1. Note down all Cβ pairs under 9 Å where the first residue falls in segment 114-127 and is under 14 Å from Lys48 (Cα atoms), the second is among the acidic types (Asp, Glu) and outside any strand (DSSP E or B), and they're at least six residues apart or on different chains.
2. Only one of Ser274, Ser240, Ser266 is modelled with pLDDT of 90 or more, of a type in the set (Ser, Thr, Tyr) and assigned to a helix (DSSP H, G or I); which?
3. Just for segment 243-263: of the residues that are in a helix (DSSP H, G or I) and in contact (Cβ under 8 Å) with a residue 40 or more places away in the chain, which one is nearest to Ala38 (Cα to Cα)?
4. Being under 21 Å from Val150 (Cβ atoms) and surrounded by fewer than 15 Cβ atoms within 10 Å (Cβ to Cβ) is true for just one of Ser49, Ser20. Which residue is that?
5. Residue by residue through segment 160-205, note down the ones that are in a loop (DSSP other than H, G, I, E, B) and either farther than 25 Å from Asn263 by Cα or touching a Pro at 6+ places or on another chain (Cβ under 7 Å) (or both).
6. So, in segment 100-119, how many residues would count as being within 21 Å of Val150 (Cβ to Cβ) and among the polar types (S, T, N, Q)?
7. Tell me which of these Ile114 doesn't satisfy, since it passes every other one: (1) farther than 18 Å from Ser40 by Cβ; (2) at pLDDT 95 or above; (3) within 14 Å of the chain's Cα centre (by Cα).
8. Within segment 125-152, track down each residue that is part of a helix (DSSP H, G or I), farther than 24 Å from Asp47 by Cα and either of a type outside the set (D, E, K, R) or in contact with a Ser or Thr (Cβ under 6 Å, 6 or more places away or on another chain) (or both).
Amino acid sequence: MKMHRLSPVGVFDSGVGGLSVLQHIRHILPHESLIYFADSAYAPYGDKSEADIIERCLAVAEFLQQKEIKAFVVACNTATAAAIKTLRAHYPDLIIIGMEPGLKPAALLSKEKIVGVMATQFTLQSDKFKQLKNHLATETNVHFEEQACVGLVNQIEKGELRSIATLRLVRQFVTPLLQSGADTLVLGCTHYPFVTGLIEQVIREYHAEQGTPEKIVQIVDTGVAVALQLQRLLEQGGLSLQAIQRPPTLRAYTTSSKSSLRNAFSQLLKIPDSALDIAAIAEMPSAVSTC
(Lines give C-alpha, C1' and ligand atoms only; values in the text may rest on other atoms or scores of the structure.)
Protein backbone atom coordinates (compact mmCIF):
# COMPACT_ATOMS: atom_id res chain seq x y z
CA MET A 1 0.00 0.00 0.00
CA LYS A 2 1.53 3.30 -1.12
CA MET A 3 1.19 6.09 1.42
CA HIS A 4 2.94 9.42 1.61
CA ARG A 5 2.24 12.87 2.99
CA LEU A 6 0.68 14.15 -0.22
CA SER A 7 -1.72 11.21 -0.47
CA PRO A 8 -5.41 12.00 0.10
CA VAL A 9 -7.58 11.04 3.06
CA GLY A 10 -10.58 8.87 2.22
CA VAL A 11 -13.90 9.61 3.94
CA PHE A 12 -16.72 7.10 3.54
CA ASP A 13 -20.40 6.92 4.42
CA SER A 14 -23.44 5.01 3.26
CA GLY A 15 -24.67 8.28 1.79
CA VAL A 16 -24.35 12.01 2.41
CA GLY A 17 -24.29 11.89 6.21
CA GLY A 18 -20.51 11.67 6.31
CA LEU A 19 -20.38 15.18 4.88
CA SER A 20 -21.00 16.36 8.45
CA VAL A 21 -17.63 14.79 9.35
CA LEU A 22 -15.96 15.96 6.15
CA GLN A 23 -16.72 19.58 6.98
CA HIS A 24 -14.92 19.26 10.34
CA ILE A 25 -11.94 17.60 8.67
CA ARG A 26 -11.72 20.40 6.10
CA HIS A 27 -11.78 22.97 8.89
CA ILE A 28 -9.21 21.29 11.15
CA LEU A 29 -6.96 19.94 8.35
CA PRO A 30 -7.31 22.55 5.58
CA HIS A 31 -4.18 21.45 3.69
CA GLU A 32 -5.23 17.82 3.22
CA SER A 33 -6.60 16.49 -0.06
CA LEU A 34 -9.81 14.54 0.47
CA ILE A 35 -11.82 11.88 -1.31
CA TYR A 36 -15.44 11.44 -0.26
CA PHE A 37 -17.27 8.20 -1.07
CA ALA A 38 -21.07 7.98 -0.80
CA ASP A 39 -22.45 4.46 -1.18
CA SER A 40 -25.88 5.95 -1.79
CA ALA A 41 -27.18 3.14 -3.99
CA TYR A 42 -27.07 0.95 -0.88
CA ALA A 43 -28.23 3.51 1.70
CA PRO A 44 -29.37 3.32 4.37
CA TYR A 45 -27.11 0.75 6.01
CA GLY A 46 -29.23 0.68 9.17
CA ASP A 47 -31.60 -1.97 7.79
CA LYS A 48 -28.89 -4.15 6.21
CA SER A 49 -27.40 -7.34 7.64
CA GLU A 50 -23.94 -7.24 9.19
CA ALA A 51 -22.57 -9.44 6.40
CA ASP A 52 -23.93 -7.07 3.73
CA ILE A 53 -22.47 -4.02 5.46
CA ILE A 54 -19.06 -5.66 5.82
CA GLU A 55 -19.11 -6.59 2.13
CA ARG A 56 -19.86 -2.99 1.13
CA CYS A 57 -17.22 -1.56 3.45
CA LEU A 58 -14.53 -3.88 2.09
CA ALA A 59 -15.47 -3.02 -1.49
CA VAL A 60 -15.28 0.72 -0.80
CA ALA A 61 -12.02 0.35 1.13
CA GLU A 62 -10.47 -1.55 -1.78
CA PHE A 63 -11.63 1.13 -4.22
CA LEU A 64 -10.15 3.94 -2.11
CA GLN A 65 -6.98 1.98 -1.43
CA GLN A 66 -6.40 1.97 -5.19
CA LYS A 67 -6.47 5.79 -4.95
CA GLU A 68 -3.48 5.51 -2.60
CA ILE A 69 -5.21 7.06 0.41
CA LYS A 70 -3.12 7.55 3.56
CA ALA A 71 -6.08 7.29 5.96
CA PHE A 72 -9.61 5.93 5.85
CA VAL A 73 -12.36 7.62 7.87
CA VAL A 74 -15.48 5.47 8.22
CA ALA A 75 -17.86 8.39 8.73
CA CYS A 76 -20.83 6.14 9.42
CA ASN A 77 -21.81 4.83 12.84
CA THR A 78 -23.56 1.77 11.44
CA ALA A 79 -20.62 0.81 9.22
CA THR A 80 -18.24 1.31 12.12
CA ALA A 81 -20.28 -0.93 14.39
CA ALA A 82 -20.47 -3.68 11.76
CA ALA A 83 -17.12 -3.59 9.99
CA ILE A 84 -14.36 -1.62 11.73
CA LYS A 85 -12.63 -4.72 13.11
CA THR A 86 -12.75 -6.44 9.72
CA LEU A 87 -11.40 -3.36 7.95
CA ARG A 88 -8.48 -3.05 10.37
CA ALA A 89 -7.68 -6.74 9.97
CA HIS A 90 -7.62 -6.40 6.16
CA TYR A 91 -5.60 -3.16 6.15
CA PRO A 92 -3.33 -3.29 9.22
CA ASP A 93 -0.95 -0.61 7.88
CA LEU A 94 -3.64 1.93 7.06
CA ILE A 95 -4.90 4.56 9.49
CA ILE A 96 -8.57 3.66 9.94
CA ILE A 97 -10.84 5.82 12.08
CA GLY A 98 -14.44 4.93 12.87
CA MET A 99 -17.35 6.70 14.50
CA GLU A 100 -18.36 6.16 18.10
CA PRO A 101 -21.58 7.62 19.50
CA GLY A 102 -20.62 10.40 21.91
CA LEU A 103 -21.87 8.65 25.01
CA LYS A 104 -18.87 9.58 27.15
CA PRO A 105 -18.95 13.34 26.53
CA ALA A 106 -22.75 13.26 26.86
CA ALA A 107 -22.49 11.52 30.23
CA LEU A 108 -20.15 14.24 31.43
CA LEU A 109 -22.49 16.99 30.20
CA SER A 110 -25.74 15.59 31.61
CA LYS A 111 -26.81 17.15 34.89
CA GLU A 112 -29.95 15.03 35.17
CA LYS A 113 -27.95 11.85 34.47
CA ILE A 114 -30.30 10.99 31.60
CA VAL A 115 -28.95 10.92 28.04
CA GLY A 116 -31.02 10.34 24.92
CA VAL A 117 -29.32 8.46 22.08
CA MET A 118 -30.61 8.87 18.54
CA ALA A 119 -29.20 6.22 16.17
CA THR A 120 -30.05 3.54 13.64
CA GLN A 121 -31.52 0.27 14.87
CA PHE A 122 -28.34 -1.54 13.79
CA THR A 123 -26.09 0.75 15.83
CA LEU A 124 -28.24 0.41 18.94
CA GLN A 125 -28.29 -3.39 18.66
CA SER A 126 -24.57 -3.74 17.98
CA ASP A 127 -22.26 -5.32 20.56
CA LYS A 128 -19.91 -2.33 20.25
CA PHE A 129 -22.64 0.09 21.31
CA LYS A 130 -24.01 -2.14 24.07
CA GLN A 131 -20.58 -2.65 25.61
CA LEU A 132 -19.85 1.07 25.61
CA LYS A 133 -23.28 1.94 27.02
CA ASN A 134 -23.13 -0.65 29.80
CA HIS A 135 -19.59 0.36 30.76
CA LEU A 136 -20.43 4.05 30.98
CA ALA A 137 -23.76 3.45 32.74
CA THR A 138 -21.89 1.59 35.47
CA GLU A 139 -19.03 4.07 35.61
CA THR A 140 -21.08 7.30 35.57
CA ASN A 141 -24.50 6.21 36.86
CA VAL A 142 -26.05 7.77 33.76
CA HIS A 143 -29.14 6.25 32.16
CA PHE A 144 -29.03 6.08 28.36
CA GLU A 145 -32.45 6.25 26.72
CA GLU A 146 -32.28 4.75 23.21
CA GLN A 147 -34.27 5.91 20.19
CA ALA A 148 -34.05 4.18 16.82
CA CYS A 149 -34.76 6.82 14.16
CA VAL A 150 -36.18 4.69 11.36
CA GLY A 151 -36.63 6.63 8.13
CA LEU A 152 -34.72 9.76 9.15
CA VAL A 153 -31.65 8.90 7.07
CA ASN A 154 -33.84 8.49 4.00
CA GLN A 155 -35.30 11.97 4.46
CA ILE A 156 -31.85 13.52 4.77
CA GLU A 157 -30.59 11.58 1.75
CA LYS A 158 -33.46 13.12 -0.23
CA GLY A 159 -32.38 16.59 0.90
CA GLU A 160 -35.57 17.15 2.91
CA LEU A 161 -33.88 18.91 5.81
CA ARG A 162 -36.81 21.13 6.77
CA SER A 163 -39.86 19.44 5.26
CA ILE A 164 -43.05 18.74 7.19
CA ALA A 165 -42.46 14.99 6.83
CA THR A 166 -38.96 15.26 8.30
CA LEU A 167 -40.20 17.48 11.13
CA ARG A 168 -42.84 14.88 11.99
CA LEU A 169 -40.19 12.18 12.19
CA VAL A 170 -37.89 14.31 14.33
CA ARG A 171 -40.79 15.14 16.64
CA GLN A 172 -41.69 11.44 16.85
CA PHE A 173 -38.13 10.52 17.86
CA VAL A 174 -37.12 13.45 20.07
CA THR A 175 -40.31 13.88 22.12
CA PRO A 176 -40.07 10.51 23.96
CA LEU A 177 -36.46 11.34 24.90
CA LEU A 178 -37.53 14.67 26.37
CA GLN A 179 -40.41 12.97 28.19
CA SER A 180 -37.90 10.59 29.75
CA GLY A 181 -36.09 13.59 31.25
CA ALA A 182 -33.07 13.60 28.94
CA ASP A 183 -31.13 16.85 29.10
CA THR A 184 -28.50 15.70 26.59
CA LEU A 185 -29.02 14.18 23.15
CA VAL A 186 -26.42 12.14 21.28
CA LEU A 187 -26.54 12.24 17.48
CA GLY A 188 -25.48 8.65 16.87
CA CYS A 189 -25.57 8.88 13.07
CA THR A 190 -23.56 11.25 10.91
CA HIS A 191 -26.69 12.21 8.97
CA TYR A 192 -28.43 13.69 12.01
CA PRO A 193 -26.36 16.88 12.48
CA PHE A 194 -27.99 18.16 9.29
CA VAL A 195 -31.37 18.30 11.07
CA THR A 196 -30.07 19.90 14.27
CA GLY A 197 -32.30 22.88 13.52
CA LEU A 198 -35.40 20.68 13.56
CA ILE A 199 -34.27 18.96 16.75
CA GLU A 200 -33.89 22.35 18.45
CA GLN A 201 -37.32 23.38 17.14
CA VAL A 202 -38.93 20.27 18.64
CA ILE A 203 -37.23 20.96 21.98
CA ARG A 204 -38.64 24.50 22.02
CA GLU A 205 -42.10 23.27 21.05
CA TYR A 206 -42.06 20.60 23.73
CA HIS A 207 -41.34 23.04 26.54
CA ALA A 208 -43.92 25.48 25.20
CA GLU A 209 -46.59 22.76 25.14
CA GLN A 210 -45.66 21.62 28.64
CA GLY A 211 -45.76 25.17 29.92
CA THR A 212 -42.38 24.65 31.53
CA PRO A 213 -39.33 26.92 31.41
CA GLU A 214 -37.18 25.98 28.43
CA LYS A 215 -34.26 23.90 29.63
CA ILE A 216 -30.92 23.81 27.90
CA VAL A 217 -30.63 20.48 26.10
CA GLN A 218 -27.10 19.71 24.99
CA ILE A 219 -26.70 18.10 21.55
CA VAL A 220 -23.57 16.01 21.05
CA ASP A 221 -22.05 15.56 17.58
CA THR A 222 -18.77 13.58 17.49
CA GLY A 223 -17.58 14.84 14.09
CA VAL A 224 -15.08 17.26 15.64
CA ALA A 225 -13.57 14.50 17.79
CA VAL A 226 -13.07 12.32 14.71
CA ALA A 227 -11.30 15.13 12.85
CA LEU A 228 -9.02 15.75 15.83
CA GLN A 229 -8.22 12.02 16.08
CA LEU A 230 -7.36 11.99 12.37
CA GLN A 231 -5.07 14.98 12.90
CA ARG A 232 -3.34 13.24 15.81
CA LEU A 233 -2.78 9.96 13.95
CA LEU A 234 -1.50 11.65 10.80
CA GLU A 235 0.99 13.67 12.84
CA GLN A 236 2.00 10.55 14.78
CA GLY A 237 2.64 8.69 11.52
CA GLY A 238 4.55 11.56 9.92
CA LEU A 239 1.84 11.89 7.27
CA SER A 240 0.36 15.27 8.19
CA LEU A 241 0.59 18.33 5.96
CA GLN A 242 1.33 21.35 8.14
CA ALA A 243 1.48 23.83 5.29
CA ILE A 244 0.36 24.05 1.69
CA GLN A 245 2.81 22.07 -0.43
CA ARG A 246 0.33 22.01 -3.28
CA PRO A 247 -3.31 23.07 -3.46
CA PRO A 248 -5.50 20.43 -1.78
CA THR A 249 -8.01 18.62 -3.93
CA LEU A 250 -11.53 17.46 -3.16
CA ARG A 251 -12.96 14.52 -5.08
CA ALA A 252 -16.19 12.68 -4.54
CA TYR A 253 -17.53 9.33 -5.70
CA THR A 254 -20.98 7.82 -5.47
CA THR A 255 -22.72 4.57 -6.34
CA SER A 256 -25.85 6.56 -7.13
CA SER A 257 -26.62 9.89 -8.80
CA LYS A 258 -23.80 12.36 -9.47
CA SER A 259 -26.26 15.26 -9.54
CA SER A 260 -27.66 14.24 -6.14
CA LEU A 261 -24.21 14.21 -4.60
CA ARG A 262 -23.36 17.56 -6.20
CA ASN A 263 -26.57 18.96 -4.72
CA ALA A 264 -25.64 17.56 -1.30
CA PHE A 265 -22.24 19.26 -1.38
CA SER A 266 -23.90 22.51 -2.40
CA GLN A 267 -26.87 22.34 -0.02
CA LEU A 268 -25.20 20.84 3.05
CA LEU A 269 -21.66 22.25 2.85
CA LYS A 270 -22.12 25.22 0.49
CA ILE A 271 -19.36 23.80 -1.73
CA PRO A 272 -19.85 24.74 -5.40
CA ASP A 273 -19.12 22.54 -8.41
CA SER A 274 -15.95 24.51 -9.08
CA ALA A 275 -14.41 23.21 -5.84
CA LEU A 276 -14.95 19.56 -6.81
CA ASP A 277 -12.82 17.38 -9.08
CA ILE A 278 -15.46 16.15 -11.54
CA ALA A 279 -14.94 13.06 -13.71
CA ALA A 280 -16.74 9.87 -14.71
CA ILE A 281 -15.43 6.43 -13.86
CA ALA A 282 -16.53 2.81 -13.70
CA GLU A 283 -13.86 1.23 -11.55
CA MET A 284 -16.07 -0.53 -9.07
CA PRO A 285 -18.90 -3.03 -9.68
CA SER A 286 -22.01 -0.99 -8.63
CA ALA A 287 -21.59 1.79 -11.21
CA VAL A 288 -19.53 4.10 -9.07
CA SER A 289 -19.52 7.60 -10.48
CA THR A 290 -17.70 10.70 -9.38
CA CYS A 291 -18.70 14.30 -8.93
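1. From segment 114-127, the pairs are Thr120/Asp47; Gln121/Asp47; Phe122/Asp47; Phe122/Glu50; Ser126/Glu50.
2. Details: Ser274 fails: modelled with pLDDT of 90 or more; Ser240 fails: assigned to a helix (DSSP H, G or I).
It is Ser266.
3. If we filter segment 243-263 for residues that are in a helix (DSSP H, G or I), which is where we start, we get 258-263.
Then drop every residue that is not in contact (Cβ under 8 Å) with a residue 40 or more places away in the chain, which leaves 260-261, 263.
Working: Ser260: 11, Leu261: 8, Asn263: 13 Å.
The qualifying residue nearest to Ala38 (Cα to Cα) is Leu261.
4. Values: Ser20 fails: surrounded by fewer than 15 Cβ atoms within 10 Å (Cβ to Cβ).
None of the other options fit; the residue is Ser49.
5. Let us first name the residues in segment 160-205 that are in a loop (DSSP other than H, G, I, E, B), namely 160-163, 180-183, 188-191.
Within segment 160-205, Ser180, Gly181, Ala182, Asp183, Gly188 qualify.
6. Residues meeting the conditions: 0.
7. (3)
8. From segment 125-152, those part of a helix (DSSP H, G or I) are 125, 127-140, 152; that's our starting set.
Cutting the leftovers down to farther than 24 Å from Asp47 by Cα gives us 135-140.
Within segment 125-152, His135, Leu136, Ala137, Thr138, Thr140 meet the criteria.
The values are calculated or read from the model by the stated rules, or taken from the named source; none is laboratory data. Not measured: the values here are computed from a predicted model. No Cβ is skipped: glycine too gets one built from the backbone with ideal geometry, and neighbour counts run over all protein chains shown.
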